[in-house]
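S.K.: Take a look at this one; I'll ask things after.
The values are calculated or read from the model by the stated rules, or taken from the named source; none is laboratory data. Just so we're clear, the structure is a prediction, and the values are computed from it rather than from any experiment. Positions of Cβ are backbone-derived with ideal geometry, glycine not excepted, and every protein chain shown enters the neighbour counts.
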């Protein structure tokens, strides 16, 4: 798509879960790129495969889930490695996971162990990946603790020297999420995956955490994949947006084009259906008819066609390829295909 | 609206026959509602303090309107709504409800026996469409249970009513023999609404009814609620944290902060000119779904104080950029600053927040 080599390149990724009742294709041919220093927003409703895609990148897909196809090419200092081919528990993956690619999970309460202080857990991560701070020799515990205190200060935790020795359950929701961000940054990652990082917290705290992430992103120039269902958060955080539905990318493009010139019927419908702070009140909102199909009953062809106002005969027969619709903007919809093309 | 009592004294004696309210007053009038939870410590569970979850809340709900109750977690909005339903017993205050028969009763003090017949008139829609339906019961039994409790013993009769209710919420009547697991989140929320409507309620308390739903489904359920309200002349108390959703559905909005009402106004007036700095900050904190509008100015610092140990004076003063010495010393009362527009701020009406 661009001349610059992407930091991460996901190509035709497929992840499926073999359940007793049948095969669930959670991710069904997803492709996208993340450039260095870019904030990529991934938006979609539940079941669209956004979280499973991120777990696949980190090789954290749990059984009976399996990456069945595709490549996840990640650029490291010594060349490009396909994460999909790496052994999930192997040394290389363990080096990348937490070190070069870090995760900010949705629920920091569940992510921190309640029986160790948050400081201990971050120090452990720093010691495990200590060469990312100090090439050649291992860091001492004291040094790791100093780094942790510095990180706490960076993420805006007051009284960092004391808070390092707190347990996660002693911190408020906002502080806990800040500590989680400090943990994710503790190994100077090249790529940060933020999976609904503000969904579980209140709106005024969310505003603080979003401002912090924007600030840290500018300071460290870390690439961020920002996953959320909240279109407002996407609009404020991302520079490039990927819209997913039922395991596939429906549309992708620069944030301004996605919000002001969406080309895929799903993106258009999604944007219309949210109540705004300025629209007319107490009137019927435009809706996307129908419901998300059951995972065992994926529609044939374009996954959105049963709910799509613009559906045509060919939509149920074949899966549309992503087509360029504007500069850097792609839509996977037959509306943007030539008639002759299959 | 003038009957909202801004200054609350100690709650008066039990007034189940308040003559002044017998004439057509509001459907619901909450006066000085308080709910404190004890904090206990030690082997003997000695009470060492109180969480003032709801700390003197006054508002009215007119028949046929939607009052939105909005605030962040821990502000007491859910506790207040549970008190109104008498799912929990309030510590103090009055909850005056005008029954279908025209009598005004104080729900806060009503004994269970007298409360029971009123349960049919006041119903609830829950947040979690997965946890609020019994997975072992078919829709017929789930939706029909309130009918059974209220004396509809004939199964055929109940089945007819359930079919009617399912049609009302946009589901096929044939679904009544299926179990909840066969339905998606949005469909389950419709089932929950059908169940709430089974007894022909007048007042429906909806606690975060769309927050667990996807964006595309959320719009469907909001539309359904608006349509049902118009058709059945329902009155809604709509509790939610999402400002844009509350704005969309409410005629008037009450904003809560640390157990108190800080602002109450008609929806348009509230958004046009908020009269409390907290309301204004809350609006600024909502990320705009438009990349050309940069949100994030005037972000509120600090955190919501604990309702067990609220700050002195105005509870909002440690985070307020308009705060002055007076705010720390003196607790502002809820006062009417424009017709129907109430604010608990010393500077309301004088400053633009």
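Table: residues versus (1) buried (at least 23 other Cβ atoms within 10 Å of the Cβ); (2) within 11 Å of another protein chain (Cβ to nearest Cβ); (3) at pLDDT below 95; (4) under 28 Å from residue A:43 (Cα atoms).
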{"residue": "B:217", "(1), (2), (3), (4)": "yes, yes, yes, yes"}
{"residue": "B:220", "(1), (2), (3), (4)": "yes, yes, yes, yes"}
{"residue": "B:237", "(1), (2), (3), (4)": "yes, no, no, no"}
{"residue": "B:242", "(1), (2), (3), (4)": "no, yes, yes, yes"}
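S.K.: Can you give me the ranges of the strands (runs of 3 or more DSSP E) entirely in the stretch A:1-70 with at least 1 residues that are surrounded by fewer than 18 Cβ atoms within 10 Å (Cβ to Cβ)?
M.R.: A:8-19, A:22-34
S.K.: Any idea which of (1) within 14 Å of another protein chain (Cβ to nearest Cβ); (2) surrounded by fewer than 21 Cβ atoms within 10 Å (Cβ to Cβ); (3) closer than 30 Å to residue B:306 by Cα is the one residue B:70 doesn't satisfy?
M.R.: (2)
S.K.: Within the stretch A:140-158, is even one residue touching a residue at least 40 places away in the same chain (Cβ under 8 Å) and not in a helix (DSSP H, G or I)?
M.R.: The answer is yes; a qualifying residue exists.
S.K.: Please go through (1) in contact (Cβ under 8 Å) with a residue 12 or more places away in the chain; (2) more than 8 Å from chain A (Cβ to nearest Cβ) for residue B:230 and return the number of the only condition it doesn't satisfy.
M.R.: (1)
S.K.: Select from the stretch A:300-317 the residues that are more than 14 Å from chain B (Cβ to nearest Cβ) and either in contact (Cβ under 8 Å) with a residue 60 or more places away in the chain or out of contact with any helix residue (DSSP H, G or I) (no Cβ under 8 Å at 6 or more places or on another chain) (or both) and list them in ascending order.
M.R.: Matches in the stretch A:300-317: A:313, A:317.
S.K.: While we're here: Going by the structure shown, is residue A:270 at pLDDT below 95, in a helix (DSSP H, G or I) and under 22 Å from residue A:322 (Cβ atoms)?
M.R.: On the way: at pLDDT below 95: yes; in a helix (DSSP H, G or I): yes; under 22 Å from residue A:322 (Cβ atoms): yes.
So residue A:270 passes the test.
S.K.: Surrounded by fewer than 21 Cβ atoms within 10 Å (Cβ to Cβ) and facing chain A (nearest Cβ under 9 Å): which single residue out of B:284, B:326 fits that description?
M.R.: When all the criteria are applied, what remains is B:284.
S.K.: Further, regarding this structure: Among residues belonging to the stretch B:287-309 that are closer than 20 Å to residue B:55 by Cβ and surrounded by 21 or more Cβ atoms within 10 Å (Cβ to Cβ), point out the one that is nearest to the other protein chains (Cβ to nearest Cβ).
M.R.: B:304
S.K.: Still on this structure, I have one more. Is one or more of the residues making up the stretch A:117-130 more than 25 Å from residue B:302 (Cβ to Cβ), within 18 Å of the chain's Cα centre (by Cα) and surrounded by fewer than 23 Cβ atoms within 10 Å (Cβ to Cβ)?
M.R.: no
S.K.: Which of the numbered conditions does residue A:206 fail, given that it passes all the others? Conditions: (1) facing another protein chain (nearest Cβ under 8 Å); (2) part of a loop (DSSP other than H, G, I, E, B); (3) within 20 Å of the chain's Cα centre (by Cα).
M.R.: Going through (1) facing another protein chain (nearest Cβ under 8 Å); (2) part of a loop (DSSP other than H, G, I, E, B); (3) within 20 Å of the chain's Cα centre (by Cα) one by one, residue A:206 breaks only (2).
S.K.: OK, next. Pairs please, first residue from the stretch A:51-69 and on the phi > 0 side of the Ramachandran plot, second anywhere and crowded, with 21+ Cβ neighbours inside 10 Å and modelled with pLDDT of 95 or more, Cβ atoms under 7 Å, 6+ apart in sequence or on different chains.
M.R.: A:59/A:83
S.K.: Now for a different question. Inspect all residues belonging to the stretch A:172-189 and state whether any of them is touching a strand residue (DSSP E or B) at 6+ places or on another chain (Cβ under 6 Å), part of a loop (DSSP other than H, G, I, E, B), surrounded by fewer than 23 Cβ atoms within 10 Å (Cβ to Cβ) and within 14 Å of chain B (Cβ to nearest Cβ).
M.R.: no
S.K.: Got at least one residue in the stretch A:292-299 being within 11 Å of another protein chain (Cβ to nearest Cβ), free of Cβ contacts under 8 Å to residues at least 24 places away in the same chain and at negative phi?
M.R.: Taking every residue of the stretch A:292-299 in turn, at least one turns out to be within 11 Å of another protein chain (Cβ to nearest Cβ), free of Cβ contacts under 8 Å to residues at least 24 places away in the same chain and at negative phi.
S.K.: Could you tell me which numbered condition residue A:259 fails, if it satisfies all but one of (1) in a loop (DSSP other than H, G, I, E, B); (2) over 20 Å from residue B:213 (Cβ atoms); (3) in contact with a helix residue (DSSP H, G or I) (Cβ under 7 Å, 6 or more places away or on another chain)?
M.R.: Here residue A:259 clears every test but (1).
S.K.: Scan the stretch A:149-169 and tell me whether some residue there is under 30 Å from residue A:275 (Cα atoms), out of contact with any strand residue (DSSP E or B) (no Cβ under 8 Å at 6 or more places or on another chain) and either buried (at least 23 other Cβ atoms within 10 Å of the Cβ) or at the interface with chain B (Cβ under 10 Å from one of its Cβ atoms) (or both).
M.R.: Within the stretch A:149-169, none of the residues are under 30 Å from residue A:275 (Cα atoms), out of contact with any strand residue (DSSP E or B) (no Cβ under 8 Å at 6 or more places or on another chain) and either buried (at least 23 other Cβ atoms within 10 Å of the Cβ) or at the interface with chain B (Cβ under 10 Å from one of its Cβ atoms) (or both).
S.K.: May I ask you to verify whether residue A:279 is facing chain B (nearest Cβ under 10 Å) and part of a loop (DSSP other than H, G, I, E, B)?
M.R.: Spelling it out, residue A:279 is indeed facing chain B (nearest Cβ under 10 Å) and part of a loop (DSSP other than H, G, I, E, B).
S.K.: So residue B:276 fits all but one of (1) modelled with pLDDT under 95; (2) buried (at least 20 other Cβ atoms within 10 Å of the Cβ); what number is the exception?
M.R.: Every listed condition holds for residue B:276 apart from (1).
S.K.: Let me ask something additional. Filter the stretch A:244-276 down to residues that are touching a strand residue (DSSP E or B) at 6+ places or on another chain (Cβ under 8 Å) and under 18 Å from residue A:199 (Cβ atoms) and give me whichever is nearest to the other protein chains (Cβ to nearest Cβ).
M.R.: The extreme case among them is A:270.
Table: residues versus (1) in contact with a helix residue (DSSP H, G or I) (Cβ under 9 Å, 6 or more places away or on another chain); (2) within 24 Å of residue B:64 (Cβ to Cβ); (3) surrounded by fewer than 15 Cβ atoms within 10 Å (Cβ to Cβ).
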position: B:146; (1), (2), (3): yes, yes, no
position: B:152; (1), (2), (3): yes, no, no
position: B:162; (1), (2), (3): yes, no, no
position: B:172; (1), (2), (3): yes, no, yes
position: B:175; (1), (2), (3): yes, no, no
position: B:188; (1), (2), (3): yes, no, no
position: B:193; (1), (2), (3): yes, yes, no
position: B:196; (1), (2), (3): yes, yes, no
